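Derivation of every value follows stated rules applied to the coordinates shown; laboratory data play no part. Worth saying up front: this structure is predicted, and the values here are computed from it rather than measured. In this analysis, Cβ positions are derived from the backbone assuming ideal geometry, glycine residues included, and neighbour counts consider all displayed protein chains.
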Amino acid sequence: MAERPHDLAITIRATLSPEEHGSFDAVEAAAFGEAEWTEEQHREVTDRYSSAADANGYVLAHVGDRLVGTIRLFTRAVPFNGRMVRLGGLGGIATHPDWRGRGIAEAAVRAAMEELQQQGTEVAYLCSVPELGQRLYAKVGFAPLGRPYTYRGRSGKGYTDHDGWLAPLTDPVLCAAMLTDTEPLDLAGSNW
């Protein structure tokens, strides 16, 4: 891995201006690329990941005045073993391709987790392919959920996926229980 830029600055913002939203969206587009989806595939992805309007914070990674990394933060109460758990979500974790391999995503994820912990969030959640999860997210405390999770799209349609990861924030015992449970985890809303 290349050295982390000495002028990397990570900030947390509750809201973004329209101009900042444009820069944020541009980093995500560069990081994730323009998928060549059919109209039906685009509708499904938009339905599945319909929580962008629910974001309650943004992590911004700047090198100088250039935005190079982004994360959307979410929180919601989800049911688990007869109680409601305050789950924090990290969504759209993105590093501009020109800046990958320099520790920017790791620094941004650590800042996101600190922010969620300060908000009193018990457990953090994200979804990721195993390769990236092991390379990045395991380093900052995430472990694979190891079972399905369920959620509802904007349309109300139910979905089940298997790429969830959890990390302890304010309650490591609860996180361990959630990781060893065998029932699907209900995200109680759409995916992040």
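Summary table
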read-out	value
Label point 7 Å beyond Cα of Arg110 along Cβ direction - residues of segment 40-67 with amide nitrogen under 17 Å	59-63
Additional length obtainable on full extension of the chain from Val140 to Gln119, 0.36 nm per residue less Cα span	5.7 nm
Tilt relative to the chain, helix 104-118 - C-alpha long axis, 0 to 90 degrees, to 10	50 degrees
Calculated FRET value between Asp65 and Asp181, using beta carbons and R₀ = 41 Å, to 0.05	0.35
Computed E for Glu131/Ser23 - FRET, C-beta separation, R0 25 angstrom, nearest 0.05	0.35
Point-to-point label distance, Thr38-Asn56, nm (Cα→Cβ direction, 7 Å offset)	3.9 nm
Whole-number percent relative contact order across the chain, with pairs defined as alpha carbons under 8 Å at least 6 apart	23 percent
Additional length obtainable on full extension of the chain from Met84 to Arg4, 0.36 nm per residue less Cα span	24.9 nm
Calculated FRET efficiency for the pair Arg13/Arg154, C-beta based, R₀ 25 Å, to 0.05	0.50
